[in-house]
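Each remark here refers to the structure printed beneath this line.
The values are calculated or read from the model by the stated rules, or taken from the named source; none is laboratory data. Because the structure is predicted, anything quoted here is derived from the model rather than measured. Note: ideal-geometry Cβ built from the backbone for every residue, glycine included; neighbour counts use all protein chains shown. Note: areas computed on protein heavy atoms with side chains; ligands, DNA, RNA excluded. Shrake-Rupley method; radii C 1.70, N 1.55, O 1.52, S 1.80 Å.
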Amino acid sequence: NRKIDYTDKVSLSCSTKNAVIYYTTDGSTPTEHSNKYTEPITINSNTTLKAVAVKSGMKNSAISTVNYTIKTYTVTFEDKFGNSPAAITGLKKNDTIKKEVLPILTKDGYTFAGWYNDNGKFTSQSLISENIILTAKWTPNTYGVIFDANSGKGSMENQTLTYDVTSDLTANTFTKTDCTFYGWATEANKNSPDFSDCQSVKNLTT
């Protein structure tokens, strides 16, 4: 038995000069009425190839038999967050994976950026030629923090934070007559602050 890639070609030869080779690909015994070998044979499925060499005035050769099995490949998916989809198996050389079949993952705080290997991003145009391990790539989301003076005076620029990254809130620059700033609240009329000035924060939203 021999493994062969899809649509690979098989060549036949005989050491006897001017001998003619006849062959079959359905497992039947080849005769002089079978396919005459003139060029390499394309194998595109599991095939039993039988061949015989014939020359006038000589006894036919012994029948040569070779079973060809089409190689198949597997694409395996790995995700650092532990959400690894099932592998795709049974792929042949130069197969592609349709866009709608490639898994798309979701996770709070991140945008899924696709599947990658050493050759870069894997897409529906990528050709299969071997077993492949693909790794999910994620981009952490960014979000904005808006500072409101809540009837105070002054201005502060919005602050951009990145998911899963710890950052210090921008120091307060607002002022209010006869008042002392003592923190940030998520609601204007809240009696106690949710965050202190310059507090380190992480993942305020996804």
Requested in this report: Could you work out the local net charge near Thr31, counting Lys and Arg as +1, Asp and Glu as -1, over the other residues with Cβ closer than 15 Å to its Cβ?
Outcome: +2
Query - Cβ crowding within 10 Å averaged over residues, with 11-17, 99-105 ranked highest first - result: 99-105, 11-17
Requested in this report: Determine which lysines satisfy two conditions relative to Lys99: a Cα distance under 16 Å, and not lying fewer than 8 residues away in the same chain.
Outcome: Lys121
Report summary line: In nm², the average projected area of the convex hull spanned by the Cα atoms of the chain is 18.1
Query raised in the report: Could you give the dipole magnitude of the chain about its Cα centre, charging the beta-carbon of Lys and Arg +1 and that of Asp and Glu -1, in debye to the nearest 20?
Result: 1580
**Report entry** Residue-by-residue Karplus 3J(HN,Hα) for the stretch 23-36, coefficients 6.51, -1.76, 1.60, Hz, glycine and proline x
**Finding:** 8, 10, 10, 10, x, 7, 6, x, 9, 5, 9, 7, 4, 8
Report task. Note down, for the stretch 38-82, the three equivalent ellipsoid semi-axes (square root of 5 times each alpha carbon gyration tensor eigenvalue), biggest first, whole angstrom. Result -> 44, 10, 6
Query - Bridge type composition, the stretch 1-154 - antiparallel percent by DSSP, nearest 5 - result: 75
Report summary line: Interchain or sequence-distant (5+) residues whose placed amide H lies within less than 5 Å of the amide H of Lys93 are Tyr6
Report summary line: Restricting to lysines and to Cα separations under 26 Å from Lys153, and discarding same-chain partners fewer than 8 apart, the set is Lys176, Lys190
Query raised in the report: Listed highest first by mean packing, meaning other Cβ atoms within 10 Å per residue, what order do 147-154, 56-63 come in?
Result: 147-154, 56-63
Query raised in the report: Just how many % of Cα pairs in the stretch 1-117 lie over 22 Å apart, if you round to the nearest whole percent?
Result: 54
**Report entry** Proximal lysines to Lys3, defined as alpha-carbon separation beneath 25 angstrom and excluding residues fewer than eight positions away on the same chain
**Finding:** Lys36, Lys50, Lys71, Lys92, Lys93
Report summary line: Highest mean packing first, using Cβ neighbours within 10 angstrom, the peptides 45-51, 190-196 sort as 45-51, 190-196
Report summary line: Note to self: with every protein chain in place and a 1.4 Å probe, the stretch 1-75 gives an accessible area per residue in Å² of 65
Query - Fully extended contour minus Cα-Cα distance, from Asn44 to Ser155, at 0.36 nm per residue - result: 32.8 nm
Report task. Treat every Asp and Glu Cβ in the stretch 1-82 as -1 and every Lys and Arg Cβ as +1, leave all other atoms uncharged, and give the resulting dipole magnitude about the Cα centre to the nearest 20 debye. Result -> 400
Query raised in the report: Can you give the three extents of the C-alpha atoms in the stretch 89-206 along their principal axes, from longest to shortest, in whole Å?
Result: 77, 23, 19
Query raised in the report: Tell me, what is the FRET efficiency for Glu32 and Thr96 to the nearest 0.05, using R0 = 45 angstrom and their Cβ-Cβ distance as r?
Result: 0.60
Report summary line: Here the gain from full extension of Asn191 to Thr106, 0.36 nm per residue of separation minus their alpha-carbon distance, amounts to 26.9 nm
Query raised in the report: Cβ under 11 Å from Leu161's Cβ, Leu161 left aside: what net charge do those residues give with Lys, Arg +1 and Asp, Glu -1?
Result: -1
Query - Residue list for the stretch 143-174, given a label point 7 angstrom along the Cα-to-Cβ vector of Ser200 and an amide N cut-off under 15 Å - result: 164-170
**Report entry** Efficiency of FRET between Ala62 and Asp5 - r from beta-carbon atoms, R0 41 angstrom, step 0.05
**Finding:** 0.90
Query raised in the report: What number comes out for the charge environment of Glu187, summing +1 per Lys or Arg and -1 per Asp or Glu over other residues with Cβ under 11 Å away?
Result: -1
Query raised in the report: Carbon and sulfur atoms: what percent of the 1.4 Å accessible area of the chain do they account for?
Result: 44
Requested in this report: Any chance you could run the full-extension gain for Lys71 through Tyr182? It's 0.36 nm times the residue separation minus the Cα-Cα distance, nm to one decimal.
Outcome: 33.0 nm
